[in-house]
Structure formats: structure tokens, C-alpha cells
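Notes to accompany the following structure.
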Amino acid sequence: MTFPSSPPAVPPPSPAVPLPTERSCPFSPPDPLAGYREREPIRRLRYPDGHEGWLVTGHRLARQILADGRFSARAELKRVPVARPGADPFIGQPALPGWFVDMDPPEHTRFRRLLAGQFTVRRTRELRPRIERLVEEHLDAMADTGPPADLVENFALPIPSLVICELLGVPYADRAEFQHNSTVLFSLDVSAEEGAAAMDALTAFLQDLIRRKRTRPTADLLSRLAHESDLDDVELAGAGVLLLTAGHETVASMLGLGSYALMSNPEQAALLTDPATVDRAVEELLRYLTIFHFGVPRTPLTDAEIGGRLLRTGESVTISLPAANRDPERFEDPDRLDLTRNAVAHLAFGYGVHQCIGQNLARMELRAGYPALFRRFPGLRLAVPPEQVRLGGAGFYGVHRLPVTW
């Protein structure tokens, strides 16, 4: 007589650990994450405030949770997995007006529907000629000035700043103010008071701009929303701050860090000369680098069993996108940069209803930026020793300065 076999027993969870942040390679996630993913793709995580929640490092489990409506993105339920005093005024508090990334449906859906049409593939294709001109203009300026040059200051930062300013209708002449406050807002090294002051300054800046657009509209996204949506000035200003800051910080980080990675892998950079490679190259760089380096927070609204673990209501969950994007069960030889790889299943833009609304625009900017840079400067290389390149220090992983020569 035979008996049905029982499923293998799931071992008890390991003791909670803090989120590792130290990297041995500037382009790879912290080493311990790979071990966690192999042995325990969902394990206990200790947060800076002492709370014990969960860390998810496996690709399959990450997608499962991000698509599961039982897991909330609401700001008042979130905890950050690393010490970040500048975020203290906002984390654990209800979402700021307009900050739809910190909301659940139906509030999130209301904003998403209003904005989604502005970031479609079709809309971003219409922007392609302008983006390509901006790229060429900045490369022309670099060539005219001659080496050395800071690639962040002269290329990676101004291009996405100009693009998002033109899309929203924000005067680019005001970039010094909003870029400074945006840097403070996402910094890991500022106080709660400094973080709150930066948010207040950005919100006041957008509110003033929106009041002017209500009386003197122009052909831009904020003007259209001011006249065609039911958003009040406070909500529209909050959404504007979110789009303006995230819209340039993320792409600037990817342009700078991606260029550094390509300079460090010249045989891969050479593949960008083939236009047929560019789309795959951008997806691979997004996967390989994954600038949301601390992961995405979620909170179960009800008890949920995930990966053989029981996640209790209210326990914080951090989904490590960098670790999930290096999962060998999903990507062969994941620690190798391979611009010919089909990496479209990566999670660099998240997954589910909160997947990045600006991903099509970001892709367009990266597809224009990387090939043009290495076509114009095929001998592009660091002008300083690698140990002098400062990385991290913000919510988005990237380089602060990138001195290059050619």
C-alpha cells in the first residue's frame, strides 16, 4: 500500500537581519542578498525602528506580491528598511496630496487614469525627435569644450531635467532651485527638518506655477490638468512634485550609472553601434543596475501565505528589486552584463498597478542617450581612478560626479 507523499516541510524562518547595503562591486547588489535569495527568498528583516518584517529577494515571489491586491502601498503603513531621517516626516503618515505612489485604489486609480494618457508609447514616440536633439546638443557642447568633463553635470542630469520640464511646463530656468530641493528630498544624509523644508519648497514652487497656469495656460501637461481635471491646486502641485522629481532623478541616475557600467565593459558598449541592439541593451542595463536599490515597500492588509511563510497583517515587506533582477531562476548568468540578453521580464520599473507610469518616457531617453554618447565618444573613459567615483547616498542609486575623458 502506498500513501500520498507530504510536501516537504518548510524550515522555520532564519533570525531577522538588517538590510545589507555594502557593495563589493559598484554595479551589483550587496553580496549577502544572493545568499538570502538562494536559501530563503523570503526571510525575516529587521527595520531600523526595531520592527521585524520580511525581505523578498526572489523574482517569482516579488512579482507575486507586487500584483497582489492584499498588499498595500499606502504611506501610513510603510517603513523604510534603512535609516533615512529626511523621509521621517512622510513615512508612516497618510500620503501627501497628489502623491499617488503612496496610495491604494481607488485613490491611486483616480490619479493614474488622469496621467496615464500622457505617458503612452505613442505619446513618447512623438517626443523622440526633441529628445534626440537635446542629446546631440549636449554632446556637441561637450565636444566643443573638450575633455575632461563631468558626465553627470553635462549630460546625465540636464537631458532628463529638460525633458520633464518641457512635458510638465516647468521653467527650466528654475532648475537650480528644484534640483537642489529634489536632491535634499531623496538624500540619505539630511535631517527630518531638511527633508520637510525641501518638500515644502517644492510644493510652494509648483502651487505658484499652477496658479499662473490657471490664468495663462500653455501647451503642457500641468496646464491641461489645471483646466481639464477635477484636481485642486494642492493635489495637482503634489502630483507635479512627484513627476518632476522622480522624472528627472531616476533617468539621470540611469544615464550616469549606465554610462559608467558601459565604460567598465567596453566590449558591451561597442554593441551599441548596432541599432538593432539598443532596445535590448536598455532593458539589460535597467535589469543589471536597478537603481531602486533599497527595494519597494508593501504591507499586507490581511494575513497572507507567500512562499511558505505566513505574513501577518501590518508586517512590513521590502521587495528587493535588485536581488530579484539577479535571480538565476529567471535570468541565466545574471551577474554578467549582456546587452544582447532578452531582459524584458525585469522589475526595474516595478510590477502591477504601481508599475512606473513614466517608464516609456524613461526608455525613450535612455535609447537616445547611450548610443549617441558612445557613438560620439567611442574612447570614453574615466578621467579619475574608479575609487574616486562616489556612488549611492540617495534613494536612487547612482553617481554624483563622473569625470570622463576621450
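Just so it is clear, none of the values below were taken in a lab; they were calculated from the coordinates. All of these numbers come straight from a predicted model, not from anything done at the bench. Note that we place each Cβ from the backbone using ideal geometry, even for glycine, and neighbour counts take in every protein chain shown.
For the reader, a short list of remarks on this structure follows.
- With helices as the sole contributors, the chain gives -14000 deg cm²/dmol at 222 nm; each DSSP H run of n ≥ 4 counts as -39500 (n - 2.57), and the sum is divided by every residue.
- Extension reserve of the residue 46-residue 342 stretch, reckoned as 0.36 nm per residue once the Cα distance is removed: 103.1 nm
- Burial order of peptide ranges 18-24, 182-188, 235-241 (average beta-carbon count within 10 Å, highest first): 235-241, 182-188, 18-24
- Segment residue 273-residue 301, length gained on full extension (0.36 nm per residue, minus Cα span): 5.2 nm
- Dipole of region 204-323, positive end: most advanced residue of 288, 265, 248 [Cβ charges, Cα centre]: 248
- Remark: region 32-405 carries a charge dipole of roughly 740 debye about the Cα centre, counting +1 on each Lys and Arg Cβ and -1 on each Asp and Glu Cβ.
- For the peptides 306-312, 124-130, residues were scored by their other Cβ atoms within 10 Å and the scores averaged per peptide; the highest-first order is 306-312, 124-130.
- Approximate spin-label separation residue 212-residue 60, in nm, with each point projected 7 Å along Cα-to-Cβ: 5.5
- Note: region 324-406, Cα convex hull, 145 Å³ per residue.
- Rg/Rh ratio calculated on Cα atoms of region 1-133 (Kirkwood radius): 1.09
- Counting every pair of alpha carbons in the chain, the share spaced more than 39 Å apart comes to 18 percent.
- Estimated dipole of region 22-145 in Debye, rounded to 20 [Cβ of Lys and Arg +1, of Asp and Glu -1, Cα centre]: 640
- Each peptide in 344-350, 286-292, 272-278 gets a packing score, the mean of other Cβ atoms within 10 Å over its residues, and the list from highest to lowest is 286-292, 344-350, 272-278.
- Relative contact order of the chain, pairs being alpha-carbon contacts under 8 Å that are 6 or more residues apart, as %: 24
- Simple label model, 7 Å out from Cα along Cβ direction - residue 192 to residue 141, nm: 4.0
- Kyte-Doolittle mean at least 0.5 and Cα axial length at least 27 Å: DSSP H helices in the chain: 233-264
- The charge dipole of region 114-258, taken about its Cα centre with unit charges on the Cβ of Lys, Arg, Asp and Glu (plus for the first two, minus for the last two), comes to roughly 720 debye.
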